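Colleague: Once you've had a glance at the structure underneath, I'll fire off some questions.
The values are calculated or read from the model by the stated rules, or taken from the named source; none is laboratory data. Computed from a predicted structure; not experimentally measured. Here the Cβ positions follow ideal geometry from the backbone for every residue, glycine too, while neighbour counts run over all protein chains shown.
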Amino acid sequence: MAAQVTLEDALSNVDLLEELPLPDQQPCIEPPPSSLLYQPNFNTNFEDRNAFVTGIARYIEQATVHSSLCFSYKNNTCSI
């Protein structure tokens with residue numbers, strides 16, 4: 001037969017469980033905090049301009065396809 005537990009006892013047990021340490025036997029893999037130094041380079045004299053333009057064009061094409069997919073989904077049409 002189950003014993004009756006008051007609400008106060010149940011809440012007290014929950015508080016005790018929250019304080020219980022539960023080691024997971026895993027090593028800490030987070031690195032220590034460190035500073036990040038960012039130096040922007042605004043030099044636009046690219047060594048391989050054609051490769052840069054081709055790379056940017058690829059991202060523009062992907063963005064265009066994604067936009068048309070979103071538009072088709074939003075309007076319940078398929079015109080790709």
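Colleague: Give just the number: which of (1) modelled with pLDDT of 75 or more; (2) exposed (fewer than 10 other Cβ atoms within 10 Å of the Cβ) does Asn76 not satisfy?
Modeller: (1) is the only condition that Asn76 fails.
Colleague: Still on this structure, I have one more. Please indicate, with yes or no, whether at least one residue in the range 27-47 is out of contact with any Gly (no Cβ under 6 Å at 6 or more places or on another chain), of a type in the set (A, V, I, L, M, F, W, C) and surrounded by 10 or more Cβ atoms within 10 Å (Cβ to Cβ). I'd like the intermediate steps shown before the answer.
Modeller: Taking the range 27-47 as the starting set, the residues that turn out to be out of contact with any Gly (no Cβ under 6 Å at 6 or more places or on another chain) are 27-47.
In the following step, the residues that additionally are of a type in the set (A, V, I, L, M, F, W, C) were identified as 28-29, 36-37, 42, 46.
The next check asks that each one be surrounded by 10 or more Cβ atoms within 10 Å (Cβ to Cβ); those that pass are 46.
There is at least one residue in the range 27-47 that is out of contact with any Gly (no Cβ under 6 Å at 6 or more places or on another chain), of a type in the set (A, V, I, L, M, F, W, C) and surrounded by 10 or more Cβ atoms within 10 Å (Cβ to Cβ).
Colleague: All but one of (1) modelled with pLDDT of 85 or more; (2) not in a helix (DSSP H, G or I) hold for Ala3; which doesn't?
Modeller: It is condition (1) that Ala3 fails.
Colleague: Something else: Any residue that is within 29 Å of the chain's Cα centre (by Cα), at pLDDT 85 or above, assigned to a helix (DSSP H, G or I) and surrounded by fewer than 10 Cβ atoms within 10 Å (Cβ to Cβ) - is there at least one of those in the range 10-21? If you could, list the steps in order and put the result at the bottom.
Modeller: Step one: filter the range 10-21 for residues within 29 Å of the chain's Cα centre (by Cα), giving 18, 21.
Narrowing the set further to residues that are at pLDDT 85 or above leaves 18.
Among the residues that remain, those that are also assigned to a helix (DSSP H, G or I) are: 18.
Filter once more, keeping what is surrounded by fewer than 10 Cβ atoms within 10 Å (Cβ to Cβ): 18.
Looking through the range 10-21, at least one residue is within 29 Å of the chain's Cα centre (by Cα), at pLDDT 85 or above, assigned to a helix (DSSP H, G or I) and surrounded by fewer than 10 Cβ atoms within 10 Å (Cβ to Cβ).
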